[in-house]
2 protein chains.
Amino acid sequence: MPIQLELKRIIINEIDEDQVIVLNETDGDRSLPIVIGIFEATSIDRRVKGLPTPRPLTHDLIVQSIELLGGEIQDIIISDLRDQTYFAKLRVRQEGELIEVDCRPSDAVAVAVTAKVPIYVNESVLGDALDED
Amino acid sequence: MPIQLELKRIIINEIDEDQVIVLNETDGDRSLPIVIGIFEATSIDRRVKGLPTPRPLTHDLIVQSIELLGGEIQDIIISDLRDQTYFAKLRVRQEGELIEVDCRPSDAVAVAVTAKVPIYVNESVLGDALDED
């Protein structure tokens, strides 16, 4: 059963390459920290702050491409955790059909924040992530 | 009349944020240097070198999203130069129709290298770019 998450924090660390986003359960207390790259972190941060950009940035391009091709982004899901690596999917509706596109959670969250769609995680992923701590 | 270009060089500069890609005319001597960000430069470099990645990276995600939605990337074009800023488009065919998606040249070139499609520039842009030197 997928669980809805909300982006709670973006921790940008200027010393290190790796940044962290923290997703919290919408209806609960659990949280999921995900290590992402500086590019994705600043891209998410810029969207959350609503900073304007003169030209479409990479995640705007993803959203626009999908919309211009008649797709509607329904939500994103962090679907798997294998070997300490998270896997995610964009879930897109096109003419009633559900299309899933594999991606990294960082791109998925950046797309969710850009397109203003919900973020989900599979229960098993959240459980496994917490067991690893 | 659009002119075909080829990616000639990627100049990665570790001191500065700004990187340069150089596109050369396929059937001529003119070249077009474009300043891009480090993320886009490394993304293009990784694709040119054919380095494998365990999960789809951001530009793979663009290409996969378009293909899964029934689009075929025909080519990319660097369409405009305004206030020293380049503008580009992805040109996608879907059921015979041409769909143009606005983007930055850096994303466009990264998509072209990923999807192995031609890179074009409008003659006026190439002329203007050279006049500015």
**Request:** May I ask you to list the residues in segment A:76-122 that are charged (D, E, K, R) and within 17 Å of A:LEU7 (Cα to Cα)?
**Result:** A:LYS89, A:ARG104, A:ASP107, A:LYS116
**Request:** Of the numbered conditions (1) free of Cβ contacts under 8 Å to residues at least 60 places away in the same chain; (2) part of a strand (DSSP E or B), A:PRO56 fails exactly one; give the number of that condition.
**Result:** (2)
**Request:** Sort out which residues of segment A:16-53 are in contact (Cβ under 8 Å) with a residue 60 or more places away in the chain and of a type in the set (S, T, N, Q), and write them in order of number.
**Result:** A:SER43
**Request:** Tell me which of these B:ILE99 doesn't satisfy, since it passes every other one: (1) more than 14 Å from the chain's Cα centre (by Cα); (2) surrounded by fewer than 16 Cβ atoms within 10 Å (Cβ to Cβ).
**Result:** (2)
**Prompt:** What are the residues in segment B:61-86 that are modelled with pLDDT under 95 and buried (at least 20 other Cβ atoms within 10 Å of the Cβ), if any?
**Reply:** B:LEU81, B:TYR86
**Message:** Which count do you get for residues in segment B:60-69 that are of a type outside the set (A, V, I, L, M) and more than 9 Å from every other protein chain (Cβ to nearest Cβ)?
**Reply:** 1
**Message:** Show me the strands (runs of 3 or more DSSP E) found entirely inside segment B:70-133 where at least 3 residues are farther than 24 Å from B:GLY50 by Cα and within 14 Å of chain A (Cβ to nearest Cβ).
**Reply:** B:72-82, B:85-94, B:97-103
**Asked** Could you list, in sequence order, the residues of segment A:32-53 that are farther than 17 Å from B:HIS59 by Cβ, under 14 Å from the mean Cα position of the chain (by Cα) and either at the interface with chain B (Cβ under 8 Å from one of its Cβ atoms) or not in a helix (DSSP H, G or I) (or both)?
**Response** A:LEU32, A:PRO33, A:ILE34, A:VAL35
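The values are calculated or read from the model by the stated rules, or taken from the named source; none is laboratory data. The model shown is predicted, which means the values in this text are computed figures rather than measured ones. Cβ atoms come from the backbone with ideal geometry, glycine included; neighbour counts cover every protein chain shown.
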